[in-house]
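Take a look at the structure below.
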Amino acid sequence: MRHKQGGRSAWQTRRMNKLAQSTPSTSLRDNPFLTAVWAIVWKDLQIEKHTRQTVSVMVMFSLVTVVMFNFALETELDAARNVATGLLWATILLAGTLGLNRSLAIERENQNIDAILIAPIDRRAIYLAKVISVTIFTLLLELVLVFVFIIFFDKPFWRPIVLLVLFLGTVGYVAAGVLITSMTMQTRSKEVLLPILLLPLVLPLILPAATAVGESMVVAPEASIIRSMVSLVAAYDLAILASGLFTYHLVVES
Amino acid sequence: MSLVKLNRWIPILNIVAAVTLVVSLGMNFFYAPTERTMGNVQRIFYFHVGSAWVGAVAFFVALVGGALYLRNKQRIWDTIALSSVEIGLVFLTIATAAGSVWGKPAWNTWWDWSPRLTLITVAWLTYAAYFMLRGAIEEEDKRARFAAVYVIVAFVTIIMTYISIRIFRDIHPVVFGGTLETAEGASEGLQDFAPGLESMKMGITLTVNTVSFTILYIAWMFNRIRLQYLMDSVDSLKMRVATRLQGGKA
Amino acid sequence: MIQISGLVKQYGFNPVLRGVNLHVSKGAFVTLVGPNGAGKSTLMRIVATLLKPTAGEVKIGGWLMPQYSDRVRRHIGLVSHQTLLYGDLTAAENLLFFAKLYRLDHSADRVAQALKRVGLAARERDAVRTFSRGMMQRLTIARATLHEPDVLLLDEPYTGLDQDASALLDSLLKRESENGRTILMITHDLVHGLNLCDRVAILSRGKIVQEIANGEVSGSEFLDIYAAQTGRTVGMANKAHE
């Protein structure tokens, strides 16, 4: 136990140092907002380390989806290649709802959220922490998916611009997802309601994100298209993160 | 606004809405000139634009209602937001159906994933989901709060959908170009169709339609709000009866 | 320490609390009893800053809520009828998480001490999921008192505990009370914990109908008063324990 703990705090220190470099003025270890965010992220990662349930379920679900789609597309590689980008995003969206549901169900399991809410912390820290941890899980899923898609569809998914768009798209999707899932978790229908509410809301994110990924994999990518699509994705990220930070207390408090 | 006031104004509003609706229908058929290339089918266009306009207004009103509810937690704002989304969805459906009927002769297809139709579909899904959310929450206060948050986020994303679709179309003119472009927007469309006096008559008809649809929207809003008042007062009466009965027993 | 005056909470048109007045002085142990549906849990959630009142005042340590909830939160600990623990984390990790949330110094030492205090030091590396109800409840108390709160709120702490676990909980609560914590407990259980407290308040239909100091009346007299005030006959389980 003691040994374990040493490892953790070293990890924490390294992370804090990294953060501290970006904003050198204040000591970040003392910032109450960031310590709260880190506490919750640490807790989520710890749970995932013990159970490995979130990422593994997402990965398995994605693999099943991809294989099913391949059959539906009659396994013609050419046909499959053309829809690979769309398929990648569709898979991420669907698997993402599983991750979101699981991550926020944990907080409702023993009404744990109450224990977090009575702690003297900013509610926005809870939102940000949940966005960070689900984003980490989804990025892990995407790591696997990119590998799988390269093999299955023989397209250059490894290009940096593709990875950048995947990252930005995931942040926006999870930011919208945490806000919506925090609401649907408190309804009678729980998990079922999430995709109905969330998927239409992320269309303005997925449209440019899929275009950007598609464009960056053609033989001669057009930089202007990619640039405008990436800025659309980034704009969505900012808008939705702002809405989330602004309204989250209304969603978790009563 | 009190129930008494509503009761006084609603019959008047209802009559005004009915009359203007009949007038605008009459104008669509007898005043507006027959369009040259499309023929009589074009007459549905006035209806289509009128209802699409009201849809947009209604969702904006819902946004305002939601924001004001979150600010001062007064029930009336939740009622306004709810009523507006309900009515807006009806008008959006009318606009979509009318657009589809117009699309068949115009572009020889009922449906096409053109930017405009994509936007309408997404807006429709987004606001239909609003009722799913409301329906799944028991406690009134929580329902109103979540609905208000959702209606704000929904509006933000609808605006972003609109922007991204515009930019999207600019860079992919091949996909969405050609005949579909002729259906672009109300004003551009009208100018294509007819010059001079005829164009003016069309413009007047369109304006009258838009105004009468807006009046219809307002009348429906008041009716819907009154309905909510009545439902609430029934609830509170039930509660009082229950309390009285309980008190009598002890 | 806790001052509640004219507290009203309404859900829609349904009034749950209709003007509750209660005063708990510093270091006192007050138990609030009442039948299901009397509004106990609602009252507890309001005092725990988890719910906003419709009308009336709640002050903890002189701070008015919900305006000053943030200041109050550091000074309260809550033992809910839910465990508020993460089943997939170990006992130590659960406490460490809350130590981080409250930004406590020497968190590892504090956690170790807290675990020892509730007799769970040997199981610190085990997932909470594997714990018995009684062990979970002890860990819950360790969690709620980790940041040394002035006020400890207990919501039905005896639910689901067997004889031994109840006795252990009794001694834990007694110690917390002796340590000078102000304790407010709510329960529908008329057997457990009542002899620990200084005062019992009866909540019925959203109001406090009577307050009785410990030792003022005998056990059976209390049950009669309770039955008269709440209009409920005392449950079989309670009778059997007498």
Kirkwood radius from Cα pairs of region B:3-249 plugged into Stokes-Einstein at 37 °C, 0.692 mPa s, gives D in µm²/s equal to 162
Nearest 10 degrees is fine. How inclined is helix A:223-252 to the longest principal axis of chain A, computing both from alpha carbons?
30
For region C:104-111, take each phi angle, set θ = phi - 60°, evaluate the Karplus expression 6.51 cos²θ - 1.76 cosθ + 1.60, and give the result in whole Hz per residue in order, putting x for glycine and proline.
7, 7, 6, 4, 4, 5, 4, 4
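Counting DSSP beta bridges in region C:92-242, what percent are antiparallel, to the nearest 5?
Values: 6 of 11 bridges.
Of all bridge pairs located within region C:92-242, approximately 55 percent are antiparallel.
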Would you grab the residues whose amide H sits under 5 Å from the one on C:MET185? Only those 5+ places off in sequence or on another chain, please, with H modelled 1.01 Å from N.
C:VAL30, C:THR31, C:LEU32, C:LEU154
Of the residues A:GLY96, A:ILE113, A:VAL233, the Cα lying farthest along the dipole of region A:31-252 towards its positive end, which is defined by charges on the beta carbon of Lys, Arg, Asp and Glu, belongs to A:ILE113
Per residue of region B:116-124, what does 6.51 cos²θ - 1.76 cosθ + 1.60 with θ = phi - 60° give for ³J(HN,Hα)? Whole Hz please, x for Gly and Pro, Karplus curve as stated.
4, 5, 4, 4, 4, 4, 5, 4, 4
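Just how large is the dipole of region B:1-150 about the Cα centre, in debye to the nearest 20, putting +1 at every Lys and Arg Cβ and -1 at every Asp and Glu Cβ?
Details: 13 positive and 8 negative charges, 52 e Å.
Its charge dipole is roughly 260 debye.
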What's the Cα-based Rg to Rh of the protein assembly as shown, Rh via Kirkwood?
1.04
In degrees, nearest 10, the alpha-carbon axis of helix C:219-230 is tilted away from the dominant principal axis of the alpha carbons of chain C by 70
Please report, in debye to the nearest 20, how large the charge dipole of chain C is about its Cα centre when each Lys and Arg carries +1 at its beta carbon and each Asp and Glu carries -1 there.
720
Antiparallel DSSP beta bridges within region C:30-165, as percent of all bridges there, nearest 5
50
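Per residue of chain C, what 222 nm ellipticity follows from adding -39500 (n - 2.57) for every DSSP H run with n ≥ 4, rounded to the nearest 500?
Details: 8 runs with 82 residues, N = 242.
Taking each H run of at least 4 residues, the total per residue is -10000 deg cm²/dmol.
I'd like the antiparallel share, as a percent to the nearest 5, of DSSP beta bridges with both residues in the protein assembly as shown. List each step's numbers first, then the result.
Values: 24 of 42 bridges.
Antiparallel: roughly 55 percent of the beta bridges in the protein assembly as shown.
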Top positive-direction residue, dipole computed over the protein assembly as shown with Cβ charges, set A:SER216, A:LEU201, A:LEU128
A:LEU128
Whether chain C is rounded, prolate or oblate, judged on the alpha carbon gyration tensor where a/c under 1.5 counts as rounded
oblate
To the nearest 500 deg cm²/dmol, what mean residue ellipticity at 222 nm is calculated for chain B from DSSP H runs of n ≥ 4 alone, each contributing -39,500 (n - 2.57), summed and divided by the residues?
-29000 deg cm²/dmol
Sort out for me the Cα centre separation of region A:198-254 from region C:97-166, rounded to whole Å.
43
Based on Cβ point charges of +1 for Lys and Arg and -1 for Asp and Glu, what charge dipole magnitude is obtained for region A:126-254 about its Cα centre, in debye rounded to the nearest 20?
140
Can you find, among C:THR83, C:VAL33, B:GLN228, the residue farthest towards the positive end of the dipole of the protein assembly as shown? Put +1 on the C-beta of Lys and Arg, -1 on that of Asp and Glu.
C:VAL33
Quick one: helix B:140-171 against the long Cα principal axis of chain B, what's the angle to the nearest 10°, folded into 0 to 90?
10
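When only C-alpha pairs under 8 Å and at least 6 residues apart count, what is the relative contact order of chain B, in percent?
On the way: 228 pairs, mean separation 83.7, N = 250.
Value for chain B: 33 percent.
Bear in mind these aren't lab numbers, they're just calculated from the coordinates by the rules spelled out. The model shown is predicted, which means the values in this text are computed figures rather than measured ones. Here Cβ is always computed from backbone atoms with ideal geometry, including for glycine, and neighbour counts include all displayed protein chains.
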